[in-house]
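**Student:** Below you will find the structure I want to go over with you.
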Amino acid sequence: DLENIDEGDSIEIYSDSVKIYSGIILTISKEEEYPGRLIYSVNAVDNSALADKRVIAKVYENKTAGYIANDLITEKLFQEGVTAGDIAEGPVIRKAVFNYIKCSEALDYIKKITGLNWNIDKERRLNLFDRATYIAPFQLTDKVQHSNFRQKSSLDKYRNVQYVRGGKGRTATQYNETPTPKPDGESRNFIVRFPLAEKPIIEVNLGGSGWDTVDPDDIGVNGLDKEKKWYFSFGSQVITQENSETPLDAANGDAIRITYVGLRNLFVVVDNPIEISIRAEKETGTSGVYEALSKETSIVDAGQAIEYAQGLIKTYGEITDTISFQTEVPGLEAGQLLPVNKPLYGINDDFLIETVNIRPSGPGSIVYSVNALDGAAVGGWEEFFKELIKGNRDFVIAENEVIILLNTQTESIGYKSL
């Protein structure tokens, strides 16, 4: 009954009693093709959109990517009918701060920094998997039914110089910094050079009697903690003395010094001199430079920013091919590696499927429109994805954010009539 369908409704598509698609209706359009005949156009997205519905506010410390994915199910996604599928353990993430972001964004952060991919499949199972092992169920050759095969090369995303603007990167430890202003017996706010990345070490010298370290338990987060002697805020340069404390006064020999780890804007650049030289030779009279800027505020470590920039240079540092085709053979999904052998085009390589669109083409017939990206620029997608999850990198997501959890309370009030 098309009159009763609504945006957000579940939709399933079957072919010969086999479920080939399950998702959520995104848009519904109606058009009167001619008087008295109403045509419905329905667009749907797959079950991964269920992770768009819910927001997560939680901090994870020293947990694996797989642990976090499972916990997102426990905390939120089970209420949407999502269960655990094939969830890889993955690397340990030192700290992940998800500050009221969509569960899909949280999973995307994991995807970006670890190289693992995720989806919610036809049976509403959340999967977290190594992209190098997510292979299409068949190889595309001239013997496999398909049509409208197209190959396209473009400079669209090409770059040989990559800038990355990250979040706030951590400085080296700043030892015994004297903040401003100088204690004057009135000021309770003292400013350090860099915004604070973590709780500082505060030392005071009262009357020139020697340095004493403030107990860490007496230092709280401004706006969250109470009854502390000193307060600070993540990302702020200000350290504040509690109003009930006696203000410091340099005239009496008082002094203060701070040891802390600060934050500064993270900005890196990586280039490929060989590619620049090649382009300059091809393009007579030009520099050969193709620059690109990417913003990724989740990156807060210079080493990770450099790795990210190098990865973008590897991915887009050569002119790559995209292919598109249509087929009636089921089984292809976004994120799969599809082996393609097309001698007419000189293609014999793995392509990363970016999108798969499904539409009916007649009674009992379904057409899959596929777009895929060549991985030759990175030495093959399989090796590229394997390389992403190697090594002893320190995985961190939005480490310096502070989560404020809302606590709903109820209160009973009695009234007495007079």
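The values are calculated or read from the model by the stated rules, or taken from the named source; none is laboratory data. Predicted model only: the values in this text are computed from it and were never measured. Ideal geometry is used to build each Cβ from the backbone, glycine not excepted, and the neighbour counts take in all protein chains shown. SASA here: full protein model, heavy atoms, side chains in, ligands and nucleic acids out. Shrake-Rupley method; radii C 1.70, N 1.55, O 1.52, S 1.80 Å.
**Student:** Within region 359-374, track down each residue that is open to solvent by 60 Å² or more (accessible area, probe 1.4 Å) and modelled with pLDDT of 85 or more.
**Tutor:** Of everything in region 359-374, those that are open to solvent by 60 Å² or more (accessible area, probe 1.4 Å) and modelled with pLDDT of 85 or more turn out to be 359, 371.
**Student:** Cβ-Cβ distance below 6 Å, separation of 6 or more or different chains: which pairs start in region 247-263 with a residue that is closer than 15 Å to residue 216 by Cα and end on one that is among the aromatic types (Phe, Trp, Tyr) and open to solvent by less than 30 Å² (accessible area, probe 1.4 Å)?
**Tutor:** Nothing qualifies.
**Student:** Within region 20-55, track down each residue that is closer than 24 Å to residue 365 by Cα, within 25 Å of the chain's Cα centre (by Cα) and open to solvent by 90 Å² or more (accessible area, probe 1.4 Å).
**Tutor:** 26
**Student:** Since residue 114 meets every condition but one in (1) open to solvent by less than 60 Å² (accessible area, probe 1.4 Å); (2) under 19 Å from residue 355 (Cα atoms), which condition does it not meet?
**Tutor:** (2)
**Student:** I'd like to know if region 82-105 contains one or more residues that are charged (D, E, K, R) and at pLDDT below 90. Quick ask: steps written out before the conclusion?
**Tutor:** Our first condition is that a residue be charged (D, E, K, R); within region 82-105, this holds for 86, 89, 94-95, 102, 105.
Subset that is at pLDDT below 90: 94-95.
The answer is yes; a qualifying residue exists.
**Student:** To continue, here is another question. Taking region 10-19 only, how many residues are surrounded by 13 or more Cβ atoms within 10 Å (Cβ to Cβ) and farther than 16 Å from residue 363 by Cα?
**Tutor:** Residues that pass the stated criteria total 2.
**Student:** Further question: Among the numbered criteria (1) at pLDDT 85 or above; (2) buried (at least 20 other Cβ atoms within 10 Å of the Cβ), which one does residue 286 miss?
**Tutor:** Only one criterion in (1) at pLDDT 85 or above; (2) buried (at least 20 other Cβ atoms within 10 Å of the Cβ) is unmet by residue 286, namely (2).
**Student:** Could I ask something else about it? Which residues, counting only those in region 117-133, are assigned to a loop (DSSP other than H, G, I, E, B) and open to solvent by 40 Å² or more (accessible area, probe 1.4 Å)? Give the steps one after another, and end with the answer.
**Tutor:** So the first thing to find is which residues in region 117-133 are assigned to a loop (DSSP other than H, G, I, E, B), and the list is 121-124.
Passing the criteria: 122, 123, 124.
**Student:** Looking for something open to solvent by less than 20 Å² (accessible area, probe 1.4 Å) and within 30 Å of residue 303 (Cα to Cα) - is there at least one such residue anywhere in region 203-224?
**Tutor:** no
**Student:** Condition first: more than 30 Å from residue 269 (Cβ to Cβ), among the hydroxyl-bearing types (Ser, Thr, Tyr) and open to solvent by 70 Å² or more (accessible area, probe 1.4 Å). Now tell me which residues in region 161-202 satisfy that. Talk me through it step by step, then tell me what you get.
**Tutor:** First, pick out the residues of region 161-202 that are more than 30 Å from residue 269 (Cβ to Cβ): 176, 178-191, 199-202.
Filter once more, keeping what is among the hydroxyl-bearing types (Ser, Thr, Tyr): 178, 180, 187.
Answer for region 161-202, where residues must be more than 30 Å from residue 269 (Cβ to Cβ), among the hydroxyl-bearing types (Ser, Thr, Tyr) and open to solvent by 70 Å² or more (accessible area, probe 1.4 Å): 178, 180.
**Student:** Scan region 208-228 and report the pairs whose first residue is in contact (Cβ under 8 Å) with a residue 24 or more places away in the chain and whose second residue is open to solvent by less than 80 Å² (accessible area, probe 1.4 Å) and of a type in the set (Asp, Glu), with Cβ atoms within less than 9 Å and a gap of 6+ or a chain change.
**Tutor:** That search, which allows pairs on different chains as well, returns 208/254; 211/203.
**Student:** Return the residues of region 289-300 that are out of contact with any Leu (no Cβ under 7 Å at 6 or more places or on another chain), open to solvent by less than 80 Å² (accessible area, probe 1.4 Å) and of a type in the set (A, V, I, L, M); say none if nothing qualifies.
**Tutor:** To start, the set of residues in region 289-300 that are out of contact with any Leu (no Cβ under 7 Å at 6 or more places or on another chain) comprises 289-293, 295-298.
Of the ones still in play, those that are also open to solvent by less than 80 Å² (accessible area, probe 1.4 Å) are 289-290, 292, 296, 298.
Across region 289-300, the qualifying residues are 289, 292.
**Student:** Quick check: anything in region 69-82 surrounded by fewer than 16 Cβ atoms within 10 Å (Cβ to Cβ), touching a residue at least 40 places away in the same chain (Cβ under 8 Å) and in contact with a helix residue (DSSP H, G or I) (Cβ under 9 Å, 6 or more places away or on another chain)?
**Tutor:** Yes, the conditions are met somewhere in region 69-82.
**Student:** Can you say whether residue 330 is closer than 30 Å to residue 17 by Cβ, open to solvent by less than 50 Å² (accessible area, probe 1.4 Å) and either free of Cβ contacts under 8 Å to residues at least 40 places away in the same chain or not basic (Lys, Arg) (or both), as far as the supplied structure shows? If you could, list the steps in order and put the result at the bottom.
**Tutor:** Details: closer than 30 Å to residue 17 by Cβ: yes; open to solvent by less than 50 Å² (accessible area, probe 1.4 Å): no; either free of Cβ contacts under 8 Å to residues at least 40 places away in the same chain or not basic (Lys, Arg) (or both): yes.
Considered against the rule, which asks whether it is closer than 30 Å to residue 17 by Cβ, open to solvent by less than 50 Å² (accessible area, probe 1.4 Å) and either free of Cβ contacts under 8 Å to residues at least 40 places away in the same chain or not basic (Lys, Arg) (or both), residue 330 comes out as no.
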